[in-house]
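The values are calculated or read from the model by the stated rules, or taken from the named source; none is laboratory data. Predicted model, so just to flag it, every value in this text is computed and none were measured. In this analysis, Cβ positions are derived from the backbone assuming ideal geometry, glycine residues included, and neighbour counts consider all displayed protein chains. Heads up: the accessible areas ignore ligands, DNA and RNA and are worked out on the full protein's heavy atoms, side chains in. Shrake-Rupley method; radii C 1.70, N 1.55, O 1.52, S 1.80 Å.
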Amino acid sequence: MGRSEELFERAVKVIPGGVNSPVRAFRSVGGTPRFITSAQGAYITDEDGNTYLDYIGSWGPMILGHNQKEVREKVAEACMDGLSFGAPTEREVIMAELICGMVPGMEMVRMVNSGTEAVMSALRAARGYTGRNKIVKFAGCYHGHSDSILIKAGSGVMEGGVPDSSGVTRGCTEDTLSAVYNDLTSVQAVFDQYPDQVAAVIVEPVAANMGVVPPAKGFLEGLRKLCTKYGALLIFDEVITGFRLAAGGAQEYFGIQADLVTYGKIIGGGMPVGAYGGRREIMSVVSPLGPVYQAGTLSGNPIAMAAGIAQLQILKENPDIYRKLNEMGTCLFSSIDRILKESGASCTINYEGSLGSIFFTPDPVVNYETAQKADTAQFGRYFHYMLDNHVHLGPSQFEAMFVSAAHTKEDIERTLELIRTYFR
């Protein structure tokens, strides 16, 4: 028995399912999760000394690669000053200025501790600003695990049902309405039924929790027009796409202006952090400036701010990173597409920039319903083939592959050769 198996046996006795986040448990693919000891660049190493080419990147934030030198040094430097103060610091101001300077339309931003907290707080601010109660989300899009948004949430909860989680009451979710991703008629139907009751429409601009599902042409533009017409706010959940598709996130990449935007771990270089922000008039409803309460002792934590500032400054000062990153992603995913077609495999691939997913279904995947057609058992076999060959993927059909700036052409070619062999 290896160290990972030993640790997992210990973990299941003291941690629910042996993991601190459900998708890590390998439940959908079988087997035992790898316990990681270290990471560098595009590679991670487990407790048994096995090294893997990593396409998870801590679920996205390691856009520069693991253990990036400048980020690590800034974190070590900040630790010497203390780990937490529960008081304002200059780093919080620098971080907020960086985000507002990089993101289109961002005038004010509030730091929190996770993407879940960012979304929960943004929805509260939207309700407080508009004086309305209802929220529209899309089936298969995941916006964290706060009660009101766990409806057909995607990723680790890809089974249907309203609400998606035991312990969430219908009272918590009765004002959350579910529409169909990439289907503007379903959104129009909600507005037809509740023309003056919708506070906000929240969307992943590129869905990445039912696998990667890019927006159809005109979809995001249509959401913007509908929200403007009916006086609702448009919220982009950029926990995945923020600072990844472009320095200004999906708003810059697609040329669409949201009213509020939420971020997660990427703004902290992988440290526990999140943020939400938008137009000044909207953010002015947030306490202590306005009546919408939101607080957090560790919000703006100095260590997380140090990591985030270092990462964002590198991305801001080196715009060529995005060109190379998107070129590398396009090279990988378009080549996979070619391999799948040449082999006649009953699979399809979706991708946008450095995000992509292979779906084990021959049908196009454009929303939650079509994503559910994927053969998860086939994915499980593919997952273990790649893991056995030291390539680390998300242990679920419905997770994304993340390419980082640390991945090389050699890494991409090695991955493609393994995929060619599998589908031969």
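Restricting the search to segment 87-104, which residues are open to solvent by less than 40 Å² (accessible area, probe 1.4 Å) and of a type in the set (G, A, S)?
Scanning segment 87-104 gives a single hit, A96.
Take segment 337-349 and flag every residue that is under 22 Å from the mean Cα position of the chain (by Cα) and either more than 21 Å from D183 (Cβ to Cβ) or open to solvent by less than 20 Å² (accessible area, probe 1.4 Å) (or both).
I349
Out of S334, S357, which single residue is crowded, with 19+ Cβ neighbours inside 10 Å and under 24 Å from P61 (Cα atoms)?
S357
Report yes if some residue within segment 198-208 is in contact with a strand residue (DSSP E or B) (Cβ under 9 Å, 6 or more places away or on another chain), more than 14 Å from F138 (Cβ to Cβ) and either open to solvent by less than 10 Å² (accessible area, probe 1.4 Å) or of a type outside the set (D, E, K, R) (or both); otherwise report no.
yes
Among the residues of segment 286-316, write down those that are under 20 Å from A76 (Cβ atoms), open to solvent by 10 Å² or more (accessible area, probe 1.4 Å) and not in a helix (DSSP H, G or I).
L298, N301
Specify which of the listed residues (G160, G248) is at pLDDT below 95 and not basic (K, R).
G160
Collect the residues in segment 317-327 that are touching a residue at least 60 places away in the same chain (Cβ under 8 Å) and either open to solvent by 40 Å² or more (accessible area, probe 1.4 Å) or outside any helix (DSSP H, G or I) (or both), keeping them in residue-number order.
P319, K324 - these are the residues of segment 317-327 that are touching a residue at least 60 places away in the same chain (Cβ under 8 Å) and either open to solvent by 40 Å² or more (accessible area, probe 1.4 Å) or outside any helix (DSSP H, G or I) (or both).
Would you pick out the residues in segment 12-34 that are hydrophobic (A, V, I, L, M, F, W, C) and surrounded by fewer than 19 Cβ atoms within 10 Å (Cβ to Cβ)?
The answer is V12, V14, I15, V19.
Can you give me the ranges of the strands (runs of 3 or more DSSP E) entirely in segment 48-146 with at least 3 residues that are of a type outside the set (S, T, Y)?
Because the criterion is at least 3 residues that are of a type outside the set (S, T, Y), the strands (runs of 3 or more DSSP E) in segment 48-146 that meet it are 108-112, 134-138.
Any residue in segment 360-382 that is in a helix (DSSP H, G or I) sitting within a Cβ distance under 8 Å of a residue that is among the acidic types (D, E) and at pLDDT 95 or above? List the pairs, counting only those 6 or more apart or interchain.
T370/D363
If you scan segment 205-227, which residues turn out to be free of Cβ contacts under 8 Å to residues at least 24 places away in the same chain and outside any loop (DSSP other than H, G, I, E, B)?
Hit for segment 205-227 is K225, nothing else.
Within the bounds of segment 62-72, is there any residue that is open to solvent by less than 50 Å² (accessible area, probe 1.4 Å) and either farther than 25 Å from D320 by Cα or at pLDDT below 95 (or both)?
No.
Evaluate segment 271-285: report whether one residue or more is surrounded by fewer than 17 Cβ atoms within 10 Å (Cβ to Cβ) and basic (K, R).
Yes; the residues of segment 271-285 include at least one that is surrounded by fewer than 17 Cβ atoms within 10 Å (Cβ to Cβ) and basic (K, R).
Which residues, taken from segment 175-228, are at pLDDT 95 or above and charged (D, E, K, R)?
The answer is D183, D192, D196, E204, K217, E221, R224, K225.
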